[in-house]
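Some notes on the structure that comes next.
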Amino acid sequence: MVTIETTAVLRQECVMNIKGNPRVLISGAGIAGTTLAYWLARHGFRPTIVERAAGLRSSGNPVDVRGPAVEVAERMGVMPRLRQAGTQVTAMSFVNGSGRQVGRVNMRAMQQASGSREVEVTRTDLAAILYEASQDSAEILFGDTMTALSQDRDGVDVTFDKAAPRRFELVVGADGLHSATRRLAFGPEPRFVRHMGLYVATMSLDGSAGNEHDVVLHNAPGRLASIHPVHGRALAAFIFRHPAVEGFDHRDLAQHKRILTDAYAGDGWRVPELLLQVRAAEDLWFDSVSQVRLGSWANGRIALLGDAASSVSLFGDGSTLAMAGAYTLAEELAATPDDPHSAFARYEDKHRVLVDPRQGNVATAAALMVPATRAGIITRNLATRLWPAAAAASWLRNRITPSRSLTPAAT
């Protein structure tokens, strides 16, 4: 049995065995990047994080920390904070255009039946908690980005937009769906990113949600609008089917507002009220639901992590996969610090076991949450009403949840 004392000794030995404390540049101060920095530092590496934004940034949409991510969070000592920040949501309530409930899923029953230890938090809270845990582990360069990468057998020369050029032993791109690392080291975005036929938007709302325990969802054919309570506040989310928009710019807020308001024009329930807030919003997050697929997540001394490598970008599992992937990558690099190529290969082999099945479930998840037809909406609503609550919840979640745990490790 591995004790806390034994673990501390193993970590110290691992740190001492890494000659020269290799320097690792991590692009992106999000969930994957900060988790990786935390674990790399504990294995004797010297991580630097570069983040394009001037400070922490993240959409406020709720995400689940579950399965392997719970194990990572517990090993980082942040699970108590995550539970404190967790939402109080216990059910999903589906309503029609007049606001009448037409279906309900008891999520607490599902969690109790399965013994789940998961917690739901906003992405903003999760990112902030992970950043606080890792900020003493890494040098952080906010308001900057990489503009060029040039590698040889021993390291990578990095050119920044603002900072002076520097050399690192390794570079890891944890910079999301629109990864600059992937573009610089692997090729243009269109080669690897595939639009999945949906767009998603989230924003905070003025005032509370009213019911602090139910996420309220309204569907029209091909569209979902929801209000999610979070500690006395409310968040709105929109997911809708739409072909790829020609000339789409993920940084163009005015364009996002036009696309969203056009898509939902004429819908019932509280949608007209929500669209008024969309037009005035400054914190609207909007993007394509896309998948990222590459034949390999590594190119020499440069590797990809999280959405940059394998975005699944729907229903929150990206956060769980990002944390699990970061932990696995750090473990493998620590196992063979002088052979990063083998470490990258082992990380990819292990993490694809989690990622690949999840990427195949996006269409099923979209069919459940955003039915394309009115008949599909009716069928889904009937399922939530006719089945026992726990069975209905399990039916929904089993189709959108990765459940495999991390391989036990002495950490």
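The values are calculated or read from the model by the stated rules, or taken from the named source; none is laboratory data. These numbers come from a predicted model, not from an experiment. FYI the Cβ positions are ideal-geometry reconstructions off the backbone, even for glycines, and counts take in every protein chain you see. When the accessible area is computed, the model is the full protein with side chains, heavy atoms only, and any ligands, DNA or RNA have been set aside. Shrake-Rupley method; radii C 1.70, N 1.55, O 1.52, S 1.80 Å.
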Does ASP267 fit the bill of being assigned to a loop (DSSP other than H, G, I, E, B), surrounded by fewer than 22 Cβ atoms within 10 Å (Cβ to Cβ), charged (D, E, K, R) and touching a His at 6+ places or on another chain (Cβ under 8 Å)?
-> yes
Inside region 364-411, can you point out the residues that are open to solvent by 70 Å² or more (accessible area, probe 1.4 Å), at pLDDT 50 or above and under 19 Å from GLY197 (Cα atoms)?
-> THR373, ARG374
Selection over region 193-212 where residues are under 14 Å from PRO62 (Cβ atoms) and in contact with a Pro (Cβ under 7 Å, 6 or more places away or on another chain) yields a count of 2
Only one of (1) open to solvent by less than 50 Å² (accessible area, probe 1.4 Å); (2) of a type in the set (Ser, Thr, Tyr); (3) at pLDDT below 95; (4) not in a strand (DSSP E or B) does not apply to THR202, and that is (4)
Identify the residue in region 303-357 that is of a type in the set (Asp, Glu) and either in a helix (DSSP H, G or I) or without any contact (Cβ under 8 Å) to a residue 12 or more places away in the chain (or both) and, among all such residues, is most open to solvent (accessible area, probe 1.4 Å).
-> ASP349
Does LEU276 qualify as being on the phi < 0 side of the Ramachandran plot, surrounded by fewer than 24 Cβ atoms within 10 Å (Cβ to Cβ) and in a helix (DSSP H, G or I)?
-> yes
Is one or more of the residues making up region 114-133 surrounded by 14 or more Cβ atoms within 10 Å (Cβ to Cβ), at negative phi and free of Cβ contacts under 8 Å to residues at least 12 places away in the same chain?
-> no
SER288: of a type in the set (Gly, Ala, Ser) and either closer than 17 Å to ARG183 by Cβ or touching a residue at least 60 places away in the same chain (Cβ under 8 Å) (or both), yes or no?
-> yes
With GLY86, GLY103, GLY99, GLY77 as the choices, which residue is more than 18 Å from the chain's Cα centre (by Cα), farther than 22 Å from HIS351 by Cβ and open to solvent by less than 20 Å² (accessible area, probe 1.4 Å)?
-> GLY103
Only one of these conditions is not met by GLY360: (1) of a type in the set (Gly, Ala, Ser); (2) open to solvent by less than 30 Å² (accessible area, probe 1.4 Å); (3) over 26 Å from LEU184 (Cβ atoms). Which number is it?
-> (2)
Among the residues of region 216-258, how many are crowded, with 19+ Cβ neighbours inside 10 Å and part of a helix (DSSP H, G or I)?
-> 1
In this structure, does THR181 turn out to be of a type in the set (Ser, Thr, Tyr), surrounded by fewer than 19 Cβ atoms within 10 Å (Cβ to Cβ) and at pLDDT 95 or above?
-> no
Over region 279-302, the set of residues of a type outside the set (D, E, K, R), in contact with an Asp or Glu (Cβ under 8 Å, 6 or more places away or on another chain) and either modelled with pLDDT of 95 or more or not in a strand (DSSP E or B) (or both) is SER296, TRP297, ALA298
(1) over 30 Å from TRP269 (Cα atoms); (2) assigned to a loop (DSSP other than H, G, I, E, B); (3) touching a strand residue (DSSP E or B) at 6+ places or on another chain (Cβ under 6 Å) all hold for THR87 apart from (1)
